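The values are calculated or read from the model by the stated rules, or taken from the named source; none is laboratory data. Remember, predicted model here, so these are calculated numbers, not experimental data. Here Cβ is always computed from backbone atoms with ideal geometry, including for glycine, and neighbour counts include all displayed protein chains.
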Amino acid sequence: MCGIVGYVGPSQACPILIDGLKRLEYRGYDSAGIAVVNNGKVEIARAKGKIASLETTLRCSPIHGTLGIGHTRWATHGRPSEQNAHPHRAGKATVVHNGIIENYGAIKQTLTASGRVFGSETDTEVIAQLIDHLLEQGTAAEVAIRQVCRTLKGSFATAILIEDRPDTLYAVRKESPLVIGIGRGESFLASDIPAILNYTNRMVFMDDGEMAVLKPDGVRFTDFDGERLTKVIKTVDINPVMAEKGGFKHFMLKEIHEQPRAVTDTFRGRISEEKGEVYLEGLQITDEEITRIRRVLIIACGTSFHAGLVGRRIIEDLTRLPVEVDLASEFRYRDPIVGDETLLISISQSGETADTMAATKEASARGAKVVAISNVIESSLARMSSHGVIYTHAGPEIGVASTKAFTTQITALYLFALFLAWKRGSITLDRRRELIADLVRLPGRMGEALETSATLKRMAAVYEKYTNFLYLGRGINTPIAYEGALKLKEISYIHAEAYPGGEMKHGPIALISDQMPVVALLAQDAVYDKMKGNMEEVRTRGGVLLAFLAGHEDGSLSRLAREVVRVPMSNPYLTTILLALPLQLLAYHIADFKGADVDQPRNLAKSVTVE
Ligand code: AGP
């Protein structure tokens, strides 16, 4: 997820662009850059790292002009570097972009073959190259931009400067947010409201398939076919701090609700439903190496470890390879059995967790083939993985409690399991197509699951007073119980522990009382009746049950549980994600009700870089 800004008006653009980028830095901070039209010429300044690095560059070489665009990057294609920083220019066209161009590879290949020279590794550059290619053929600027929009597949919120149009700023939107600010004698654009709220509160929220042509005296809107559009100007009434959270009270809540988009971005461009194939561009493992794998080892910490536990079931089921999951902090101290037939999957949102990196080094030294799953391009873990990286495209996760990283890690593990099964021939084409179709349908079902937020907020008011919780799950949903308990612990400071449902009778059942709510996870699966049995055991001992159910039931749960929260079903692997969402919301609303510091809980850090 990146941040873009743009300005056209009577004022110097540079300070407005930098101010806007600073307010969008939470969206990404790998590199930043601006482009400003100065006496008809586009001047560009870019720097790797945070906005402060760009400011240093600009202090040495200021850029003047009253029309410009800016970008702060969260790398998805192409490592963080000045070369890959936006804006990207090709001839007369200069662009900044937020999103993922799925068909950039084919476009880049065609343009390169036609003699065009690319200067970056990014998907974004194809936008500038395509526009300039059409301008060279005499196509008018607006027509060229719309034609390119019809060619691109994927998501884009893009601002465009055309060198010989010194008073015009173009913007297009498809599946990435873009807002237009209407000032007095000046116009603005941004990925998110906070970037421009200090200059105007009159906003137009663009929809997919729309283009805006911004001039100092106003903005004109069309669709990608050139049809004029009438858009409503809305006056927004939110304070700038709130705006950085997109109107959500906390980053964590925003990130919980971003998960359908984050999961979509993680599989977008990596699947072919028709062919039943998965394409993982960051992998560097040969088919021969894949066939020689005899066992899989997954190591991680915290929430990433819980994702690994889910991944174990998926990979074992689809590939029939034995999978072992271990805590990174334990792995090194048990003289682990690792060889060159071992595939190690290291999972880390930050890619900087010291325990995980140390364990990865140990396994790698013993001959394992290492594939990392990380949310940060070029993170330390990404750079140490011998056989490539599968990036989750969740965008920056600001809240310390991991949410969208977790569900996109499961998504990445699902994709990897499908990839391995395809390469090893361990499941049929029909099965692959079916599993990919389930993945494509998942974001919609996640949206439905998130609609439980109001119910969970009501429940939080009742259950926030308890000091102990027990979470129960079975089978592939046991890790989700672990994750739900961790969420509650780390943001509300309420003690919570999780057990496999079948394990309760071997000890924890002694704890059951009406002073400890029991969260029971159920799905319409092979262990549904077993979990109901566990609920009966709790109920007959006076326990308080909160049931979280994926799928439908005969109404009998309501007899057992004080609350029944329902979410849609998918296949068992993806149902884990659907059950995780209400548990994240329960923890969030309880913590919020208690007035806890949700985004920065005490004693915790977003990335634990010490062992
Ligand atoms: C999860 O909510 C916690 N923030 C923590 O357990 C986290 O998952 C763990 O520290 C691992 O972090 P990583 O994914 O960046 O390696």
Review point. In region 458-492, which residues are closer than 21 Å to GLY595 by Cβ, of a type outside the set (A, V, I, L, M) and over 26 Å from the mean Cα position of the chain (by Cα)?
Key: ARG458, TYR463, GLU464, LYS465, TYR466, THR467, ASN468, PHE469
Check your understanding: Going through region 594-611 one residue at a time, which ones are more than 23 Å from the chain's Cα centre (by Cα) and surrounded by fewer than 17 Cβ atoms within 10 Å (Cβ to Cβ)?
Key -> LYS594, GLY595, ARG602, ASN603, VAL610, GLU611
Check your understanding: Which residues, counting only those in region 415-447, are assigned to a loop (DSSP other than H, G, I, E, B) and β-branched (Val, Ile, Thr)?
Key -> ILE427, THR428
**Study point:** Lone unmet requirement of (1) at pLDDT below 95; (2) in a loop (DSSP other than H, G, I, E, B); (3) away from the ligand (no atom under 16 Å from the Cβ); (4) not charged (D, E, K, R) for TYR333
**Key:** (2)
Check your understanding: In region 275-329, how many are crowded, with 16+ Cβ neighbours inside 10 Å, of a type in the set (Phe, Trp, Tyr) and away from the ligand (no atom under 16 Å from the Cβ)?
Key -> 0
Exercise for review: Within region 425-436, identify whether any single residue is of a type in the set (Asp, Glu) and buried (at least 16 other Cβ atoms within 10 Å of the Cβ), and answer yes or no.
Suggested key: no
Exercise for review: For region 357-367, indicate whether the set of residues that are under 27 Å from LYS48 (Cα atoms), surrounded by 22 or more Cβ atoms within 10 Å (Cβ to Cβ), of a type outside the set (A, V, I, L, M, F, W, C) and touching a Ser or Thr at 6+ places or on another chain (Cβ under 7 Å) is non-empty.
Suggested key: no
Study note, to complete from the structure: Taking region 559-611 and keeping residues in a loop (DSSP other than H, G, I, E, B), away from the ligand (no atom under 15 Å from the Cβ) and of a type in the set (A, V, I, L, M) leaves ALA561, MET569
Study note, to complete from the structure: Only one of (1) within 22 Å of GLU324 (Cβ to Cβ); (2) touching a His at 6+ places or on another chain (Cβ under 7 Å); (3) of a type outside the set (Ser, Thr, Tyr); (4) within 16 Å of the ligand (Cβ to nearest atom) does not apply to GLY399, and that is (1)
Check your understanding: Quick check: anything in region 106-115 out of contact with any Gly (no Cβ under 6 Å at 6 or more places or on another chain), part of a helix (DSSP H, G or I) and small (Gly, Ala, Ser)?
Key -> yes
Exercise for review: Within region 336-367, work out how many residues are at pLDDT 95 or above, in a helix (DSSP H, G or I) and closer than 15 Å to GLY302 by Cβ.
Suggested key: 2
Check your understanding: Within the set of pairs 6 or more residues apart or between chains, which connect a residue that is within 22 Å of GLU330 (Cα to Cα) inside region 287-301 to a residue that is in a loop (DSSP other than H, G, I, E, B) and away from the ligand (no atom under 16 Å from the Cβ) with Cβ atoms less than 6 Å apart?
Key -> ARG295/PRO322; VAL296/LEU321
